[in-house]
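Engineer: Here's a structure for you.
The values are calculated or read from the model by the stated rules, or taken from the named source; none is laboratory data. In this text, all values refer to a predicted model and were calculated from it rather than measured experimentally. Cβ placement follows ideal geometry from the backbone for every residue including glycine, while neighbour counts extend to all protein chains displayed.
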Amino acid sequence: MRIYTSGDIEAVNGTDVRLKCTFQSSAAINPSTVIISWTFRPLKGGREDSLFHYQQRAYPPVEGIFRKRIEWAGDVMGGDASIKIKEVKFIYNGTYICQVKNPPDVHGPVGEIRLRVVLSASFSELLVLVVAIGGAITAVVLILVVIASCRKYKRRQRQLEDNEEAPRKERKDPTVW
């Protein structure tokens, strides 16, 4: 069993965050036998708590700090064991451990994600967002300029063609009657 996670992630307080955990199994995936377990270890230490369980269907926590906050976000047949935490709080800082068993493939490492809940997005995230939005706006403006230039060029070409095709009016000599 191979498990892949997103490693260290940040989430802004009060937002939703997806804890991505994907897996590859040496055995064919049988949705009726796959078992997925998520556990949580607080940042400041303490005991590891069961957070989420999946076995043919999702079993979110019915009590504790994560009650009504965890949603299944995976797809077993697609090798995805991800979950979503709704409206994260600072007490959710810690390590999330994803474990997948697909009998007979039941041995292998677990996946770990260290979540850090922050007051606001970090500077690097804001910078990436600003650059992405600025780039998109620039691209749209450039496309509009190209379209406008092409239309203007075509219009000018048509006017030149029309002028060439129009017969020239003969001018009468004013001295001749």
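Engineer: Name every residue in the stretch 99-120 that is of a type in the set (Asp, Glu) and under 19 Å from Gly78 (Cα atoms), in order of residue number.
Structural biologist: Asp105
Engineer: Tally time: how many residues in the stretch 82-107 are farther than 16 Å from Ile9 by Cβ, buried (at least 20 other Cβ atoms within 10 Å of the Cβ) and of a type in the set (A, V, I, L, M, F, W, C)?
Structural biologist: Residues in the stretch 82-107 being farther than 16 Å from Ile9 by Cβ, buried (at least 20 other Cβ atoms within 10 Å of the Cβ) and of a type in the set (A, V, I, L, M, F, W, C): 1 in total.
Engineer: List, please: which pairs have Cβ atoms under 7 Å, are six or more places apart or on different chains, and start with a residue in the stretch 105-120 that is of a type in the set (Ser, Thr, Tyr) and end with one that is at pLDDT below 95?
Structural biologist: As it stands, the answer is Ser120/Val12, since those pairs meet every condition given.
Engineer: Shifting gears a bit: One residue is enough: does the stretch 69-91 have a residue meeting the conditions modelled with pLDDT under 85, of a type in the set (A, V, I, L, M) and not in a helix (DSSP H, G or I)?
Structural biologist: Initially, the stretch 69-91 is screened for residues modelled with pLDDT under 85, giving none.
No, every residue in the stretch 69-91 fails to be modelled with pLDDT under 85, of a type in the set (A, V, I, L, M) and not in a helix (DSSP H, G or I).
Engineer: Another one. Here is a list: Glu10, Glu63. Which entry is under 23 Å from the mean Cα position of the chain (by Cα), farther than 12 Å from Val100 by Cα and either not in a loop (DSSP other than H, G, I, E, B) or not aliphatic (A, V, I, L, M) (or both)?
Structural biologist: So the residue among Glu10, Glu63 that is under 23 Å from the mean Cα position of the chain (by Cα), farther than 12 Å from Val100 by Cα and either not in a loop (DSSP other than H, G, I, E, B) or not aliphatic (A, V, I, L, M) (or both) is Glu10.
Engineer: I want to confirm something. Restricting to the stretch 8-30 and keeping residues that are touching a strand residue (DSSP E or B) at 6+ places or on another chain (Cβ under 7 Å) and of a type in the set (A, V, I, L, M), which single residue is surrounded by the fewest Cβ atoms within 10 Å (Cβ to Cβ)?
Structural biologist: Ala27
Engineer: For the stretch 31-49, what are the residues that are within 17 Å of Tyr96 (Cα to Cα) and surrounded by 13 or more Cβ atoms within 10 Å (Cβ to Cβ)?
Structural biologist: Matches in the stretch 31-49: Ile35, Ile36, Ser37, Trp38, Thr39, Phe40, Arg41, Pro42, Leu43, Asp49.
Engineer: Further question: May I ask you to list the residues in the stretch 66-79 that are crowded, with 17+ Cβ neighbours inside 10 Å and within 22 Å of the chain's Cα centre (by Cα)?
Structural biologist: Across the stretch 66-79, the qualifying residues are Arg69, Ile70, Trp72, Ala73, Gly74, Val76, Gly79.
Engineer: Could I ask something else about it? So is Val141 modelled with pLDDT of 90 or more, surrounded by fewer than 16 Cβ atoms within 10 Å (Cβ to Cβ) and not in a strand (DSSP E or B) or not? Quick ask: steps written out before the conclusion?
Structural biologist: Values: modelled with pLDDT of 90 or more: yes; surrounded by fewer than 16 Cβ atoms within 10 Å (Cβ to Cβ): yes; not in a strand (DSSP E or B): yes.
So Val141 passes the test.
Engineer: Continuing with this model, one more query. Filter the stretch 92-115 down to the residues that are closer than 15 Å to Thr5 by Cα and in a strand (DSSP E or B) and list them by number. If you could, list the steps in order and put the result at the bottom.
Structural biologist: Here is the first cut: in the stretch 92-115, the ones closer than 15 Å to Thr5 by Cα are 94-100, 108-115.
Those that are closer than 15 Å to Thr5 by Cα and in a strand (DSSP E or B): Gly94, Thr95, Tyr96, Ile97, Cys98, Gln99, Val100, Gly111, Glu112, Ile113, Arg114, Leu115.
Engineer: Another question about this same structure. Could you check the stretch 108-138 and list, in sequence order, the residues that are surrounded by 12 or more Cβ atoms within 10 Å (Cβ to Cβ), small (Gly, Ala, Ser) and modelled with pLDDT under 90?
Structural biologist: First, pick out the residues of the stretch 108-138 that are surrounded by 12 or more Cβ atoms within 10 Å (Cβ to Cβ): 108, 110-118, 121-122, 125, 128.
Still in the running and small (Gly, Ala, Ser): 108, 111, 121-122.
Gly108, Ala121, Ser122, listed by residue number.
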